[in-house]
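Note sheet for the following structure.
The values are calculated or read from the model by the stated rules, or taken from the named source; none is laboratory data. As the structure is a computational prediction, the values presented were derived from the model and not from experiment. A quick note on method: Cβ atoms are made from the backbone with ideal geometry, for glycine too, and the neighbour counts reach across all protein chains shown.
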Amino acid sequence: MMEDLGAGKRATPNGVRLLELLEGRRIGRLKRYGKGDVLYREGEASREIFAIQSGRVKICGNSSDGKLHTYRILGSGSITGLTGNLLNGRHDSRAEALETAQIYVISSEEFADLVASDGFFSMMVMTELARAARTLATKVHDLSTLSVQQRLMSSLMRLADEHGHETERGIRIDLRITHEDLAELVVANRCTTTCCLNELKRQGYIWQEGRHLVIIPFEHFMILDGLSQAVLTGDDRAAIYWAKRVVAEGIDLAKGQSALTTAMWQVDREFTTGRLDLSDTIASTLAMRCSMSLIREQMEKIGGESPAVSRVVIGTVRGDAHDIGKTIVSTLLASEGFMVIDLGVDVSAQQFVEAVDQYKPDIIAMSALVTAAPPAPAAVIDALKGEGLRDGVRVVVGGGGVTQRLADSVQADGYGRSAREAVDLARKLTLP
Ligand code: B12
């Protein structure tokens, strides 16, 4: 559960006004609830409404599978227990204190008098009902259309909206939330929620500051998510549009790059497991390539790229113009911190040798789709040997025209069937 926050976040100006009204007119009795204490339960007769003076309260319910789902988290200045009072006289959810809370308990009669006599109070009631309706509508939409990771981000956005505090780098959520709490909010199990949370952290959408979560501003998330989605759907126009927005809005370029590569990892995974067909993979690669070049251009302009540790020279071998797979590999290697020198397609043995001489790479990566006799990678390795350069560089091969047997026959240092294997191989071969 969430821990005691102490003073907690202050109420909004309207929330403060509501609390002053209750205090000034001596309405309700102020009651202290400890962490975990229940204000009302599902199905219970509703005789009171509750106005939170301090502390936080979660509104939740049990689903048919018996799991607890959190709908909303309320803070100081919020009212709850309204629907039970206004409709059938029974509560349709449960309210539980997340931390020590001081709460005005207002009888149904006092509530009815206030609604009739005070316009501001009536407006607060309507606002609260509208908020609850919006949260539920968003939740239904999220549950039916979004993945767990997107639902998690959407829930964090809502928490930031209601309990957030703007800081220089993002919006700090003034709640200490456990993974269990988040799992209840997004309606997923805790393990999945933890994995998604780590993934969002890895992508730079959220991070920890002390004991609080901080999330990037909503508009930035929309742009980065738009970029990822454009690559996933292979929409190059949209990818260019979103990449330009990343640059124009001054979003951290590393986050833009990360949005692209995360999408590309997914494309590669789905292609290699047969869930994505070739034409979609090609469209995604093109979308990624044009948007990535815009982001890279900007990175070079401002000199923001972090110094890479290991170098890879990559190219498609002589007589072969296939570049889709090679581009995926080179992009993902770059995203994993390698400095990649991409020589393009139809690269001769001599060009590989010259690149080794010039860039002193740790690895040469050759992509080959067209099979030939003798195999093109053999010519490159022979040329390297001829120049006395073979021992100073690791050679890896891949692409549809290469097999493990072929890799062994040309005495390559490694062979990979996918971009994932290419990156793993490069990491293994460059371990100190
Ligand atoms: C798209 C395509 C084309 C496009 C290429 C567009 C482009 N810009 O790349 C076009 C239409 C231009 C084309 C032309 C030709 N093609 Co073509 N083409 C294909 C096709 C359909 C898909 C290749 C592809 O992009 N796959 C998708 C990528 C993502 O997969 P991938 O390259 O394997 O890469 C993955 C892994 O292998 C790995 N990987 C890739 N590189 C590396 C490198 C390293 C180091 C590592 C570790 C891993 C790794 O990671 C990638 C991502 O997971 C294949 C058939 C097929 N279904 O595979 C034929 C195919 C490759 N083509 C073929 C042929 C024959 C040709 C042509 C000669 C046809 C012709 N008669 O003109 C010309 C070649 C011209 C030339 N000089 O190269 C043959 C090759 C047969 C052979 N084994 O020799 C194939 C297999 C079709 C067939 N069944 O006959 N082609």
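If I filter segment 260-274 for residues that are away from the ligand (no atom under 16 Å from the Cβ), in a helix (DSSP H, G or I) and among the aliphatic types (A, V, I, L, M), do I get at least one hit? Full working, then the answer.
Residues of segment 260-274 that are away from the ligand (no atom under 16 Å from the Cβ), as a first pass: none.
Within segment 260-274, not a single residue is away from the ligand (no atom under 16 Å from the Cβ), in a helix (DSSP H, G or I) and among the aliphatic types (A, V, I, L, M).
Would you tally the residues in segment 221-264 being farther than 27 Å from I171 by Cα and at pLDDT below 90?
Final tally of qualifying residues: 0.
With the structure loaded, tell me whether S306 is hydroxyl-bearing (S, T, Y) and either modelled with pLDDT under 90 or buried (at least 18 other Cβ atoms within 10 Å of the Cβ) (or both) or whether it fails that test. Lay out the reasoning, then the answer.
On the way: hydroxyl-bearing (S, T, Y): yes; either modelled with pLDDT under 90 or buried (at least 18 other Cβ atoms within 10 Å of the Cβ) (or both): yes.
So S306 passes the test.
Can you go through L286, L332 and tell me which one is near the ligand (Cβ under 10 Å from one of its atoms), in a helix (DSSP H, G or I) and modelled with pLDDT under 90? Working first, answer last.
Working: L286 fails: modelled with pLDDT under 90.
Criteria check complete, one pass: L332.
When only residues in segment 311-355 that are of a type in the set (S, T, Y) and under 29 Å from the mean Cα position of the chain (by Cα) count, which is surrounded by the most Cβ atoms within 10 Å (Cβ to Cβ)? Can you show your working first?
Restricting attention to segment 311-355, the residues satisfying the condition of being of a type in the set (S, T, Y) are 316, 327, 330-331, 335, 348.
Those still in the list that are under 29 Å from the mean Cα position of the chain (by Cα) too: 327, 330-331, 335.
Working: T327: 23, S330: 26, T331: 23, S335: 19.
In this case the residue turns out to be S330.
Find all pairs meeting these conditions: Cβ atoms under 8 angstrom apart; at least six residues apart or on different chains; first residue within segment 258-277 and assigned by TED's automatic domain parsing to the domain that holds E199; second residue surrounded by fewer than 19 Cβ atoms within 10 Å (Cβ to Cβ).
none
Considering only segment 90-209, give the helices (runs of 4 or more DSSP H) lying wholly within it that have at least 2 residues that are more than 17 Å from the chain's Cα centre (by Cα) and among the basic types (K, R).
Correct list: 119-145.
So which of H212, H165, H220, H179 ends up being in contact with an Asp or Glu (Cβ under 6 Å, 6 or more places away or on another chain) and not β-branched (V, I, T)?
None of the other options fit; the residue is H165.
Consider K244 carefully, then state whether it is in the same structural domain as L156 (by TED's automatic domain parsing), surrounded by fewer than 18 Cβ atoms within 10 Å (Cβ to Cβ) and farther than 24 Å from A422 by Cβ.
no
Residue-by-condition table, conditions (1) in contact (Cβ under 8 Å) with a residue 60 or more places away in the chain; (2) out of contact with any Asp or Glu (no Cβ under 9 Å at 6 or more places or on another chain); (3) farther than 18 Å from Q350 by Cβ:
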{"position": "A365", "(1), (2), (3)": "yes, yes, no"}
{"position": "A379", "(1), (2), (3)": "yes, yes, no"}
{"position": "G401", "(1), (2), (3)": "yes, no, yes"}
{"position": "R405", "(1), (2), (3)": "no, yes, yes"}
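Against the definition (at pLDDT below 90, within 15 Å of H212 (Cα to Cα), buried (at least 18 other Cβ atoms within 10 Å of the Cβ) and assigned by TED's automatic domain parsing to the domain that holds R202), how does H179 come out, yes or no?
no
Determine if segment 335-346 includes at least one residue that is within 16 Å of the ligand (Cβ to nearest atom), assigned to a helix (DSSP H, G or I) and under 24 Å from L253 (Cα atoms).
Yes; the residues of segment 335-346 include at least one that is within 16 Å of the ligand (Cβ to nearest atom), assigned to a helix (DSSP H, G or I) and under 24 Å from L253 (Cα atoms).
Which members of segment 63-84 meet the condition of being surrounded by fewer than 21 Cβ atoms within 10 Å (Cβ to Cβ) and out of contact with any Lys or Arg (no Cβ under 8 Å at 6 or more places or on another chain)?
If the condition is that a residue be surrounded by fewer than 21 Cβ atoms within 10 Å (Cβ to Cβ) and out of contact with any Lys or Arg (no Cβ under 8 Å at 6 or more places or on another chain), then S63, S64, D65, G66, K67, L68, H69, L82, T83 are the ones that fit.
Inspect segment 73-81 for any residue being of a type in the set (A, V, I, L, M), farther than 15 Å from E48 by Cβ and in a strand (DSSP E or B) and give the result as yes or no.
Yes: segment 73-81 contains one or more residues that are of a type in the set (A, V, I, L, M), farther than 15 Å from E48 by Cβ and in a strand (DSSP E or B).
Please return the ranges of helices (runs of 4 or more DSSP H) entirely within segment 351-432 where 3 or more residues are near the ligand (Cβ under 8 Å from one of its atoms) and not assigned by TED's automatic domain parsing to the domain that holds Q266.
419-429
Restricting to segment 263-275, count the residues that are surrounded by fewer than 19 Cβ atoms within 10 Å (Cβ to Cβ) and not acidic (D, E).
7
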